[in-house]
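The values are calculated or read from the model by the stated rules, or taken from the named source; none is laboratory data. Please read all numbers here as calculations on a predicted model, not as lab measurements. Here the Cβ is made from the backbone with ideal geometry for all residues, glycine too, and neighbour counts use every protein chain on show. Surface areas here come from the heavy atoms of the whole protein model, side chains and all, with no ligands, DNA or RNA. Shrake-Rupley method; radii C 1.70, N 1.55, O 1.52, S 1.80 Å.
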Amino acid sequence: ARLALSNIYVMLKDIAKAEQPLEEILDEFPDDIGAMNDLGYLWADAGKNLGRALDMVQKAVAAEPDNRAYRDSLGWVYFKLGRFAEAVAELELATKPEAKSADDAAPKDDGKDADEPDAVILEHLGDAYLGLGRTDDAVKAWRRAEASLAKEDDPEKLAAVRKKI
């Protein structure tokens, strides 16, 4: 329930409130890798507690190395730390078809290709490529993110990616 509550706050863009349930989970269950990943990602996205965020998402990746979301979180922490080569390495792993999250195990009928990575991962990959000065690769990743977002109903994210292109 607390994970769901955190996700609701994220959707409402109230990140401070989204962090609280995750911190409560980790107070009670310090080895909960899902909460570690989610809180580490939120901290990385906000550019705070980056050392702790790195520790938490590294534990999540160690526990589930094929989980795309966890790899994305690790890549995003590396990006925020300015460690662009490590960010690219993790984010490229997150885009590989064989890197599947637990959510990918069950067949879905949502119109998405199960092997195509999430638009957020592709956007992060583009950002990391740009950090390395690999502009052409960045634009290619952002174009893939744009194509994925064009199928969704999130004009704000789509506009943000298009601005980068």
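Taking R0 as 45 Å, what's the FRET efficiency between Arg52 and Lys164 from their Cβ-Cβ distance, rounded to 0.05? Don't jump to the answer; show the numbers that get you there.
Working: r = 28 Å, r/R0 = 0.63.
Working from the Cβ atoms, E equals 0.95.
Most mobile of Leu125, Leu74, Leu12 per a Gaussian network model of the chain (Cα springs, under 10 Å)?
Leu12
Springs between alpha-carbon pairs under 10 angstrom, Gaussian network model over the chain: which of Met56, Met11, Met36 fluctuates most?
Met11
Keeping all protein chains in place, calculate the accessible area per residue for region 15-96 (probe 1.4 angstrom), answer in Å². Show your work: numbers first, answer last.
Numbers: 3620 Å² over 82 residues.
That works out to 44 Å² for each residue.
Take the Cα pairs of the chain, get the Kirkwood Rh, then feed it into Stokes-Einstein at 25 °C and 0.890 mPa s and tell me D in µm²/s.
Working: Rh = 16.1 Å.
Taking Rh from Cα pairs, D becomes 152 µm²/s.
For the chain, the longest stretch holding no trypsin sites (Lys or Arg not before Pro) located in a DSSP loop with at most 16 other Cβ atoms within 10 Å is which? Before the final figure, lay out the partial values.
Working: sites that count: Lys13, Lys48, Lys100, Lys108, Lys112, Arg134, Lys151.
Result for the longest clean stretch: 49-99.
Given the options Asp14, Asp66, Asp45, state which has the largest fluctuation in a GNM of the chain using a 10 Å cut-off (strictly under) for Cα springs.
Asp14
Looking at the square roots a ≥ b ≥ c of the eigenvalues of the Cα gyration tensor of region 1-82, which shape do they give, rounded for a/c under 1.5, prolate if a/b is larger than b/c, or oblate?
Values: a/c = 1.63, a/b = 1.23, b/c = 1.33.
Since a/c reaches 1.5 but b/c is at least a/b, the shape of region 1-82 is classed as oblate.
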